[in-house]
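Trainee: Have a look at the structure that comes next, please.
Just so it is clear, none of the values below were taken in a lab; they were calculated from the coordinates. Predicted, not measured: the structure shown is a model, and the values here were computed from it. All Cβ positions, glycine included, derive from the backbone under ideal geometry; neighbour counts span all protein chains shown.
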Amino acid sequence: MPRAAHGILLAAIATLLTALSSLAAERTVIVAQDGTGAFKTVTEALDSVKDATKENPVTLLIKPGSYNEMVTTRNWVNLVGEDRDKCVLSYSRKPAEEVTRTHVIWATTTSTIKNLTLLGGDVKYCIHSDGGGPYVLTVDNCILRRTPPANDYNTAFGIGLWAGQHIVIKDSLLEAKQPLYMHNGKGQESSCSMTVEHCALKGETDAILISAMDSQQRDFFVIHDSTLAGKRQVACLANEKPDKSNFIEFYGSGNTPEGGITGAVWYDDAQAPASGQELTAKLGTRNPLARPGIRIKETYGAAEGAAKKSAAWEAYRNVYVAGAEMTDEGLVLISETDNAFGMVMGPYGATSELPMVMEFRMKCSFAPKGAIGLLYLCKPSAWQVQWQADGVADGVNPAAVIKINTQEWQTYRLVARSADDVKFFVVGRETEAIALKRAKDELRGFKLLLYGKGTKAVLGSTMLTGDVP
């Protein structure tokens, strides 16, 4: 054989051996409830894999059936169903189990979850991914659905991302009261990311909630070509510490958002054509009412209808918070639980140099033991006043109550001439101003709090001005 031909043959054999070696590395283990596979449960199959690596990954091929088990993923072991609609993993906690420790899949590894339906009953999440070291988790062509009985969590995919952790979810359907909840870890050494591609997120409240942002990194949330629906809103960033060092950059294109987006730290990448942020178009008008040293005068709630009424107030929602809805009357807030509170912040983004006046119209009704509180916050001091079923209480002397008719519109005015001179008035009532009680909160702005399940407040026109009479 000529030397050249011999060389070609050797090269061909080497290529073939490499290909065969690659095929051998991709080991498959069959899981089948009917006994036709190596294992009858996913857990048994996972426990059998001791040697999966990046170079030698293992795929558990799950045959059609209903697998009632709680699964914990392993690095380089992939869970792949043969048919998404017929391969069902479900779990509902046993009486002795804590709900916070139960999920359908606990996933904190470099793995792929594909072609599966995950049904979460009385568990925390269908998939929970919070902890572990650096990884890339892929969820592909899956259904995540919460089923009765409901509990306080009601979320399909709960994600706590830490340094070097990245999740991609694509071609999937998430149905829950709140399909996707994400937070990140404190003081990370490197960034994390979440990507949603070609998915449908169908929520009874929000499609996405992002909260507890404290990584001090440039983390990323990317949504492309997805449908996001929530009866309250599409997405909410409920960040307890809105600081430039603690944020997530939100990118996307080709999306169909059915609702609005709220949150103080959403970043618009409209100037970056490669990603083309579209969702921020739903943010609505933002009102950075004041800059240092500049007094302001801005009025909301003129007769333009519901679109502009109470535009100064922004609903702040996390997993504990009540519903908020814009109606022809104004912004309607209803507390939905006994222990939690409903809250709005406003006027949105507003801080003002003193002196200042904040005036708003509100009517309210109370559940048993219900109350409504207003906090005015301007570092380093804060003050609060509280409405009760029989009127507005003096923050210093709770026994002193100004009688008001809470079923009709009332106008309230807060006047702050200096950090030590903050008074609250019920406009139109012949009475002295209410002496406000000091509060510990040191954020800037306003908060309106609702306590007690069924307590309701309707916010109408709002005015903030630096002109103090």
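Trainee: Quick one: check the C-alpha center-to-center distance for segment 96-141 versus segment 184-208, whole angstrom.
Mentor: About 14 Å separates the Cα centre of segment 96-141 from the one of segment 184-208.
Trainee: Right, next: Dimensions of segment 26-80 along principal axes (Cα, Å, largest first)?
Mentor: Extents along the principal axes: 31, 21, 16 Å.
Trainee: Say the cut-off is 20 Å between C-alpha atoms; which of K40/K124; K423/K453; K114/K170; K202/K231 go over it?
Mentor: Check vs 20 Å cut-off fails for K40/K124; K423/K453.
Trainee: How do the peptides 34-40, 200-206 rank, highest first, by the average count of neighbouring beta carbon atoms within 10 Å per residue?
Mentor: 200-206, 34-40
Trainee: Follow-up. Rounded if a/c is under 1.5, else prolate if a/b is larger than b/c, else oblate: which is segment 72-129, with a ≥ b ≥ c the root eigenvalues of its Cα gyration tensor?
Mentor: oblate
Trainee: Classify segment 141-200 as rounded, prolate or oblate, taking a ≥ b ≥ c as the square roots of the eigenvalues of its Cα gyration tensor: rounded when a/c is under 1.5, otherwise prolate if a/b is larger than b/c and oblate if not.
Mentor: It is oblate, given that a/c is not under 1.5 and a/b is not larger than b/c.
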